[in-house]
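Structure first, then comments.
The values are calculated or read from the model by the stated rules, or taken from the named source; none is laboratory data. In this text, all values refer to a predicted model and were calculated from it rather than measured experimentally. Glycine gets a Cβ as well: all are built from the backbone with ideal geometry, and neighbour counts include every protein chain shown. Protein only, heavy atoms only, side chains kept; ligands, DNA and RNA dropped before computing areas. Shrake-Rupley method; radii C 1.70, N 1.55, O 1.52, S 1.80 Å.
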Amino acid sequence: MFDPNKKPDPDTCPKKFCSHWAKIGDRVDESGRTYDSFDKAIAGAKTIVRSARCACFLGSCKRDVVNNGELDRYEPDERMLKSAGLPWFYFISGKSSLAKEFWDEYDRETNELWGDG
């Protein structure tokens, strides 16, 4: 589906490759609340029943075509990226989305794979 050798559009929602993505049957709490115990947190979660979707409690992501938020909320699910043969940086829209300590690694690895493009 995704070609690791081709840089994706930065507005593409990575869906299952984002840690905020919830599929049918997942239990999520999108309220942003904190709980004083694991049991209370689980009790506060709701099961996704209709369709897979972004379940980010921080707000709408600008990549979400339905809600069209202002910020890029993408958080890589590195396990899913690895299982699909995609590099850790595949859906990251630019180094400004990363902590500065990762900028050199991002520049080096994206330039190796995609060139300066």
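The Cβ shell under 10 Å around Leu86 holds other residues with a net charge of -1, Lys and Arg each +1, Asp and Glu each -1. For a modelled paramagnetic label at Asn68, 7 Å from Cα along Cα-to-Cβ, the residues of segment 1-40 in reach, with backbone nitrogen under 19 Å, are 10-14. Once you reduce segment 1-38 and segment 70-89 to the center of their Cα atoms, the two points are 9 Å from each other. Only Cα pairs under 8 Å and 6+ residues apart enter the sum, and on that basis the relative contact order of segment 4-72 stands at 32 percent.
Computed over the Cα atoms, what is the radius of gyration of segment 20-64 divided by 2.2 N^0.38 Å, N being its residue count?
Normalised by 2.2 N^0.38 Å, the Cα Rg of segment 20-64 equals 1.19.
Once Cα extents along the principal axes in Å is calculated for the structure shown, the corresponding label among [x] 45, 43, 27; [y] 57, 39, 24; [z] 48, 30, 28 turns out to be [z].
Here the chain is treated with +1 on each Lys and Arg Cβ and -1 on each Asp and Glu Cβ, and its dipole about the Cα centre works out to around 600 debye. Using only Cα atoms, find the angle between the long axis of helix 103-114 and the longest principal axis of the chain, and express it within 0 to 90 degrees, rounded to the nearest 10. That works out to roughly 70 degrees.
Annotation: aspartates and glutamates with alpha-carbon distance below 16 angstrom to Lys6 (same-chain offsets under eight excluded): Asp107, Glu109, Glu112, Asp116. Mind scanning Lys62/Lys95; Lys23/Lys100; Lys7/Lys62; Lys40/Lys82; Lys40/Lys62 and naming the pairs with a C-alpha gap bigger than 27 Å? Going by Cα-Cα distance, Lys23/Lys100; Lys40/Lys82; Lys40/Lys62 fall outside the 27 Å limit. Given R0 = 25 Å, the distance between the Cβ atoms of Ile24 and Glu78 translates into a calculated FRET efficiency of 0.65.
Projected label points at Lys16 and Lys40, each 7 Å from Cα along the beta carbon direction, are separated by 3.5 nanometres.
Put Phe38, Phe2, Phe91, Phe102 in order of accessible area, highest first, and with a 1.4 Å probe you get Phe38, Phe102, Phe2, Phe91.
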